[in-house]
């Protein structure tokens with residue numbers, strides 16, 4: 001008995017792969033998916049490490065510095081301000097839906113439309 005020549009070994013290997021398509025397609029695909037999963041864990045960990053670097057504790061001095069320019073808000077005072085701003089003597093303007101007449105109406109009533117801030 002002699003060993004088969006290399007071309008016949010290759011042809012026998014190809015014939016066995018054709019009989020079992022999982023070895024030709026399935027196994028490499030699964031290896032690619034599992035290997036990619038392990039590779040992506042490194043990139044994901046790097047992402048979370050960078051996000052963790054951005055977070056840090058704030059000292060008491062920094063908190064005082066941030067709050068220095070703020071004023072306290074009193075809801076009763078804010079309510080009084082909104083009451084003085086709100087006007088109940090408004091005039092309702094009805095506009096048509098076609099564009100040209102809407103633009104004309106807006107030009108006519110533009111003097112009456114004022115915004116109070």
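What is the extension gain from residue 17 to residue 67, computed as 0.36 nm multiplied by their sequence separation minus the C-alpha to C-alpha distance, in nm to one decimal?
10.8 nm is the gain from fully extending residue 17 to residue 67.
Viscosity 0.692 mPa s, temperature 37 °C: give me the Stokes-Einstein translational D for segment 1-75 in µm²/s, with Rh taken as the Kirkwood radius over C-alpha pairs.
The Stokes-Einstein estimate is 171 µm²/s.
Taking 0.36 nm per residue of separation and subtracting the Cα-Cα distance, what length does fully extending residue 75 through residue 29 add?
Working it through step by step, the gained length comes to 10.2 nm.
In nm, what is the difference between 0.36 nm times the number of residues separating residue 84 and residue 52 and their Cα-Cα distance?
6.8 nm
Only the coordinates and a few stated rules stand behind these numbers; no lab work does. Bear in mind that the values here come from a model prediction, so they are computed numbers and not experimental data.
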